[in-house]
Amino acid sequence: MASDREVLREIWDGNIPVCFQLDPDEAVGLQKPEVFYLMIPRLSYFPIVTDKVKKHFLRYVPNEYQDNEMWLSFNTTPLKWHFPIGVLFDLHNNGEDSTLPWSLSVHFTKFPEDVIFRCPNRETVEAHFMASLKEADVLKHRGAVMQNMQKKDHTQLWLDKFDQFWAVNRRLMEQGSDQEGDFKHIPIRCYNEDGTYRQKLVSPINTNSDANGQKCTVQDLLNEFSTPVRKAGSKVPDDQGKLILYSNVICPFAQRAHLVLDAKKIPYQTIYIDIWNKPEWYTSKSATGKVPALKVSDETTPIIESVVIADYLDEKYQQNKLQPNDLYQKAIDRVLVEQFSNVIGLVSKIMYPHLRNNQEIENVQEVAEKLFENLSVYETELRKRGSNYFAGSKPGMMDYMIWPWCERTIFLAKVDSRYTFDGKRFEKFIAWRDLMLKDEAAKSSHLTTEFFLEFYESLKYKSLDMKLLDEAAEKRENFKKQ
């Protein structure tokens, strides 16, 4: 790469025409603020190149705001100054030049501290830049190259001079000498449409069994990040005549929809939604922004709410009916499903530490007894019906509607032994639970106890492991292909 001098020069010289406009709500005086045009380097940062912009608009801003930090937005979205300008442009314009000049709003009030960091001076930007280089060097050479550099080398990396920059940067780009160590990992970030990003340890050598030790290509790197959950930020793929279920691998309500679709063997496509960082387009699919949502066709509004989706599928697709034919029994089952909300609340309280402000449950025994008391209703119902499943000889609608949370009760005993079920008190329930684990539809959306434990720990320590969810989603999709 370091030898491709002409290409590197073209990238270095890349600029974006930008039109800066002062937010109309912040302007004073009768004169309308004049817009300010500027050609800005793609490889720079906004705080470095917008001194002239600030100076131009200060005359239109009230005196009490003139010492405030200036910030920029595009279509009401604040721009993160610590992202390179070229990255910001590509993120917000899908890499298309048709939006040129790039029109940005300038602000001096209401600084969005919950979205972007403050940048008091240029030194802050330089410190961020050098920290990023050091991080990249740790990934590539275990930090050996940056450690061996002198202060003047660091200065050359920061100066806007192509030849001086590459005289030093070449050492960071090459394989490395014996002293500095081998090239270990590719320093790469994958930016999502919402501005968040992911990083993974990626070897420069393709470890795929078919690659025969070849070097990684850009496509290989993209494949590393193109897991089902992360694909949610991309455009919705062609449904090819199938139903589309917008889901999330950890959501028990979405699991209900999977169970019904798989039990009835209805062809469908899953699009996994990152519910912690939902893509903007998803609000057009789900009025509440929640999962699940079922897209039936391009012309219709997607169906939301898990029970509503389940009822629709069972009525629309007549094969393998899940609801009982007897209307009275159907009503009783629906009452039991509604009553199950008490169990849902208790399981959620135990499973999701953030719902209780990450505080430990002080009265575990009391919570456990409440859980057992509510589930005893279903033990009694199984005894009363005298069947392996609530629906009889095979799982039915009620079995699938309560299963996601009953599956999670296996994990609860690993969190605290006081959540362990008494074998005699819950003899029928435990037997039913064991049978459900063998059901084909249940197996297709099954999450292991080990998965739940890792997920629980990541939430407990406020460090949600998206890789864990990605891997679970991939396993689910691979199971369906078998």
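Side notes on the structure shown:
- Of Thr270, Met436, Ala131, farthest towards positive along the dipole that unit charges on Lys, Arg, Asp, Glu beta carbons give the chain: Met436
- Counting only DSSP beta bridges with both residues in the range 5-120, the antiparallel share comes to about 70 percent.
- If R0 is 30 Å, the Cβ-Cβ spacing of Gln359 and Ala413 corresponds to a FRET efficiency of close to 0.90.
- Between Lys265 and Trp281, the contour length at 0.36 nm per residue exceeds the Cα-Cα span by 2.9 nm.
- The distance between label points at Lys316 and Ser203 comes to 4.5 nm (points 7 Å beyond Cα on the Cα→Cβ vector).
- Computed [θ] at 222 nm, deg cm²/dmol, the chain (DSSP H ≥ 4; -39,500 (n - 2.57); rounded to nearest 500): -13500 deg cm²/dmol
- Protection proxy ranking of 214-223, 245-254, 404-413, by the mean of other Cβ atoms within 10 Å over each peptide's residues and highest first, is 245-254, 404-413, 214-223.
- Among the listed pairs Lys55/Lys140; Lys215/Lys242; Lys52/Lys80; Lys55/Lys110, those with a Cα-Cα distance over 29 Å are Lys55/Lys140; Lys215/Lys242.
- Sites Leu437 and Thr99, calculated FRET efficiency, Cβ-Cβ separation with R0 56 Å, nearest 0.05: 0.60
- Within straight-line reach of Lys278, meaning a Cα separation under 18 Å, sit the following lysines at least 8 residues removed in sequence or on another chain: Lys231, Lys235, Lys290, Lys295, Lys467.
- Efficiency of FRET between Gln147 and Arg189 - r from beta-carbon atoms, R0 22 angstrom, step 0.05: 0.45
- Using a simple spin-label model with pseudo-atoms 7 Å out from Cα toward Cβ, Arg59 and Asp25 lie 2.6 nm apart.
- Along principal axes, Cα extents of the range 327-446, largest first, whole Å: 44, 28, 27
- Distance in nm between pseudo-label sites at Glu369 and Asp326 (7 Å out along the Cβ direction from Cα): 3.6 nm
Every number here is computed from the coordinates shown, using simple stated rules; none is lab data. Only a predicted model underlies this, so the values are computations on that prediction, with no experimental measurement involved. All Cβ positions, glycine included, derive from the backbone under ideal geometry; neighbour counts span all protein chains shown.
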